[in-house]
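S.K.: Structure incoming, see below.
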Amino acid sequence: MRTKNFKILGRMRKQGGRPGFTLAELLVASTVMLIVIVATLALYMRSNKVAVDQSMYAELQHDVRSAMFFIARDIRMAGVGLPIEFNGYYFEGTDNEDQGVEVRPDRLLMMGNIEDPLNLDIDNYQGASVNLRLKDYSLEQYPYPDAYYENKIVLILPNPSSACRAGEVRMITHVTHSAGGANERLNFSPGLAPGINPPGGLSGTCSSSNDYDGGLVTFIDVKEFWLDVTGNYPGLTAGVNGYIGNGQGGILYMTLNAIHYPLAQNVENLQFEYNGDLDDDGDLDGFLPWADTWTLDQISRIREIRIYILGRTPRAFVSVSGTPPSDLYLYQRPTLSNFLILGQPDRHKRFLLESTSVVRNLSLNLYNTGTR
């Protein structure tokens, strides 16, 4: 009787108890869970690398596109407000400037009264003097108050009929005039404006003061687009006139009237090409790098400028493994224009932007308010 009761109790315990896991089952489950966690972390790390790389690349594209906008816009405005007789001085190029390193970028120097219009006729000016007499009622043509002219940079040009081709860059201290618009004068600081040199060697003073009678005074924007490859450009001091320096290379600058403005960072190369009827046969010759042998007459026949800006990410792509293909320019420096030195694959991603601008003041005279 007692044995029978023990059997019944054993069956009841077996039927009412909860089944457990064996050690082998626990090990298998833990291994599967660990694999899932490791795979999830690997996916996250990969996704994070891709996100970091793409964010860096997107910022690079934004910088390059912004720089291209300003360069292309200003090229279209080259020479605005200047007499068409001086069209050979609207811009000047430098081909493959040697900064002591492998990459040799181009430069472009140009001028015009791009930001603020001003064209005043000269009544009398003794070259290099600090006082210039305008024709009566000249200042009344513009809405600028007298204080607006203070510290403005102007270009003083001789009469286009004169054989002299020298322009003075001066800084206005103040203007004077009688009530009603008579006896109008511009007063200047002594000497030419420092560090501002127009294209083509235009800066200078005519030998005869009579050359300036009937000439022109205009606000002038002398702009130069250039790439600082090393961050230690000779002759420039870090922190002075906007120059960054301190070894921060790859900065694309716009220098406006001797003040340096950074337009983009992480730029690896900058190149320009020029298209015009240089041989005067009635047909455009195709895009060519700048040549120092071009005459002023040939420069005046240039109609288009092509711009190349090559950006490079500041860090190598962490989402790229192995060695990138040698024929994939995205991960090595490509040939641009007549700069032929290829770079080695380095896992830094490049962004090349190309655009062409028409120098409209050389193409359509109606844009040039300085034409007389």
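Where a number appears in this text, it was derived from the coordinates with a stated rule and is not lab data. Owing to the predicted nature of the structure, the values given are computational and were not obtained by experimental measurement. Using ideal geometry, Cβ is built from the backbone for each residue, glycine included, and neighbour counts are taken over all protein chains shown.
S.K.: Within the stretch 273-321, list the trypsin sites (Lys or Arg not before Pro) lying in a DSSP loop whose Cβ has at most 15 other Cβ atoms in a 10 Å radius. Please list the in-between numbers first.
M.R.: Numbers: sites: Arg301, Arg303, Arg306, Arg312, Arg315; in loops: Arg301, Arg315.
Listed in order of number, the matching sites are Arg315.
S.K.: Between helix 23-76 and the chain, what is the angle of the helix's C-alpha long axis to the longest principal axis, kept within 0 to 90° and rounded to the nearest 10?
M.R.: 10
S.K.: For the chain, what's the relative contact order in percent, using C-alpha pairs closer than 8 Å and at least 6 residues apart?
M.R.: Numbers: 776 pairs, mean separation 72.0, N = 372.
Across the chain, relative contact order equals 19 percent.
S.K.: Okay, next question. Express in nm, to one decimal, how much length is gained between Arg73 and Leu27 on full extension, taking 0.36 nm for each residue of separation and deducting their alpha carbon distance.
M.R.: Details: separation 46, 0.36 × 46 = 16.56 nm, distance 6.87 nm.
Residue separation times 0.36 nm, minus the Cα-Cα distance, leaves 9.7 nm.
S.K.: Further, regarding this structure: Across bins of 10 angstrom width beginning at 0, how are the C-alpha pair distances of the stretch 114-219 distributed, in whole percent?
M.R.: 16, 52, 29, 3
S.K.: Here is a follow-up. Mind checking which aspartates and glutamates have their Cα closer than 12 Å to the Cα of Lys135? Skip sequence neighbours fewer than 8 apart in that chain.
M.R.: Those aspartates and glutamates meeting the cut-off are Asp121, Asp123, Glu184, Asp213.
S.K.: Suppose a student asked you for the relative contact order of the stretch 114-219, using Cα pairs under 8 Å spaced at least 6 residues apart; what percent would you report?
M.R.: Values: 237 pairs, mean separation 42.6, N = 106.
RCO, the stretch 114-219: 40 percent.
S.K.: Helix 2-16: angle to the longest alpha-carbon principal axis of the chain, degrees 0 to 90, nearest 10?
M.R.: 10
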